[in-house]
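Below you'll find the structure, written out as structure tokens, and then a few comments.
The values are calculated or read from the model by the stated rules, or taken from the named source; none is laboratory data. These figures come from a predicted structure and were not determined experimentally. Here the Cβ positions follow ideal geometry from the backbone for every residue, glycine too, while neighbour counts run over all protein chains shown.
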Amino acid sequence: MKRSALYGRAVLLLAAALCAPAYAQTPPPVPKVIELKTVTCNDLLNAQLLDRTAAIMYLWGYEAGKTGATAYYPATTQANTRKLMKLCEAHHGMTLVDAAATVLGNAGK
């Protein structure tokens, strides 16, 4: 094998070895169960965007399920989500379940 071909392969192997740790890193494990009643506004505010979106949609589905609602109103969901985020920004220690109940007018019920 020619010296230049050997050198080229060595450079490629070195580049691959240097890049491998970046690709080998895995994200932290996702919990198998998340107890909705223990998730706080602070948890929501610190979550990644996709996780935050999933948690909020699950929360609204949870609330809808409690009332037996079967219709989805996107404008209402957007407005309630804005209210939820503002409430959470003001009350980091509040649980999401309590925050949703406050937004929906069900607090204390």
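Out of LYS66, LYS83, LYS37, one residue alone is outside any loop (DSSP other than H, G, I, E, B) and at pLDDT 95 or above. It is LYS83. All of ALA55, ALA64, ALA69 fail the test of being aliphatic (A, V, I, L, M) and over 20 Å from ARG82 (Cα atoms), apart from ALA69. Would you call ALA75 more than 20 Å from the chain's Cα centre (by Cα), assigned to a loop (DSSP other than H, G, I, E, B), among the hydrophobic types (A, V, I, L, M, F, W, C) and at pLDDT 60 or above? When the stated conditions are applied, ALA75 does not pass them. Pairs linking a residue in segment 81-100 that is acidic (Asp, Glu) to a residue that is assigned to a helix (DSSP H, G or I), with Cβ atoms under 8 Å and 6 or more positions apart or on different chains, are GLU89/CYS41; GLU89/LEU45.
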